[in-house]
Amino acid sequence: MFTKAIVRTPAPSMINGLTSARLGKPDFDLALKQHAEYIQALKSCGLKVICLDPNAQYPDSTFVEDVALLTNKCAIITNPGAPSRRGEISGMRETLSAYYEDIEDILAPGLLEAGDVMMVGSHFYIGLSARTNQSGADQLMAHLQKYGLAGSVVELKEVLHLKTGVAYLEHNNLLACGEFLTHPDFQKFNILPIDSIESYAANCIWVNDNVLIPQGYPHALETISNAGYEVLEVDVSEFRKLDGGLSCLSLRF
Ligand code: CIR
């Protein structure tokens, strides 16, 4: 069960965030409204939400998931692979020290963005991507081992982050799309398939047996509801324009 989430309000500079999507610039006012609704959805799942101030210096800083990995034993501050995002980690140690005694770091040459890390109980799958390298993954696995946790690497071919294409919904259920549908590492799970036309909906989040899903993906909604979850739809269209999904917008712990 999660009890808390950390989010960061978007700054007006978010409209200049990194993107590969050709969906136009986000509408900042709409993004603020959607962010507030996202916070409400987390609260309705029973979480206390800690909301960090906007950081205009870093346009992508609202995607707070990428700068830390929070486990039930320790926190790990990452070293983002995107050069424009590295400074986002400043202040994270201070924020996290209110909740964690043990805080570790990923250091250069290691690079890691926690959008590449999927928690399944005490095991963490780490995507090797354009943002996360082997050294970052090795450091993370060493930190995890120190606390009785474990990790393994997954090579990515098609997506930005591991969790762009896969989401663990507990109860052995794994939402998966594209390259992950047949990935050998994931065949032990009960795969809930997401069609490629709804690939954005593969980035959902499990919060205490509710599943937050992006608004506008009817097949994904049906698949997840049929699997027995309480589903909450959240409109995150403005974050999608920056390749960001539901998981990227919070750190849940
Ligand atoms: C980026 O490219 O870094 C941001 N525009 C989007 C980050 C999305 N984060 C995530 O998938 N964990």
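Build a GNM of the chain with springs between Cα atoms under 10 Å apart, and of V236, V166, V120 the one that fluctuates most is V120. Per residue, the accessible area of the chain comes to 42 Å², computed with a 1.4 Å probe over protein heavy atoms only. Normalised by the number of residues in the range 1-157, the mean separation of alpha-carbon contacts (under 8 Å, six or more apart) gives a relative contact order of 19 percent. The apolar share of the surface of the range 1-134, taken as the fraction of accessible area on carbon and sulfur atoms (1.4 Å probe, ligands and nucleic acids excluded), comes to 54 percent. In the chain the longest region clear of GluC sites (Glu not before Pro) that are loop-assigned by DSSP and have at most 16 other C-beta atoms within 10 Å covers 1-100. Computed about its Cα centre, the charge dipole of the chain is approximately 300 debye, with only Lys, Arg, Asp and Glu carrying charge at their Cβ. Pairwise Cα distances in the range 1-137 exceed 19 Å in 54 percent of cases. With all protein chains in place and a 1.4 Å probe, the accessible surface of the range 202-253 carries 40 percent carbon and sulfur.
Taking every C-alpha pair closer than 8 Å and separated by at least 6 residues, the mean separation divided by the residue count of the range 146-209 gives a relative contact order of 33 percent.
For the chain, the spread of Cα positions along the three principal axes, ordered from largest to smallest, is 43, 41, 34 Å. When K4, K188 are compared by accessible area of protein heavy atoms, the largest-first order is K188, K4, using a 1.4 Å probe. Look at where the Cα atoms of the range 1-74 and of the range 198-243 average out, and the two centres are 16 Å apart. Taking label positions 7 Å along the Cα-Cβ direction at both S97 and V231, the computed distance is 4.4 nm, reported to one decimal. Which of D243, D105, D53 moves most in a GNM of the chain, Cα contacts under 10 Å? Result: D53 has the largest fluctuation of those listed.
Between L23 and S84, the simple label model (points 7 Å from Cα in the Cβ direction) yields a spacing of 1.7 nm.
Across N190, N210, N226, mean-square fluctuation computed from a Gaussian network of the chain (C-alpha pairs under 10 Å connected) peaks at N226. Among the trypsin sites (Lys or Arg not before Pro) within the range 35-119, those in coil by DSSP and having at most 16 neighbouring Cβ atoms inside 10 Å are K73.
How big is the equivalent ellipsoid of the range 62-106 along its three axes, where each semi-axis is √(5λ) from the Cα gyration tensor, reported in whole Å from largest to smallest?
18, 10, 9
Within the full protein context, the accessible area of I191 is estimated at about 40 Å² for a probe radius of 1.4 Å.
Per residue, the chain reaches -6000 deg cm²/dmol at 222 nm when only DSSP H runs of four or more residues are counted, each adding -39500 (n - 2.57). The distance between label points at T182 and H123 comes to 2.2 nm (points 7 Å beyond Cα on the Cα→Cβ vector).
The values are calculated or read from the model by the stated rules, or taken from the named source; none is laboratory data. Here the structure is a predicted model, which is why all the values come from computation and not from measurement. For neighbour counting, all protein chains shown are included, and Cβ atoms are generated from backbone atoms with ideal geometry for every residue, glycine included. For the accessible areas, the whole protein counts, side chains as well, though only heavy atoms, and no ligand, DNA or RNA atoms are used. Shrake-Rupley method; radii C 1.70, N 1.55, O 1.52, S 1.80 Å.
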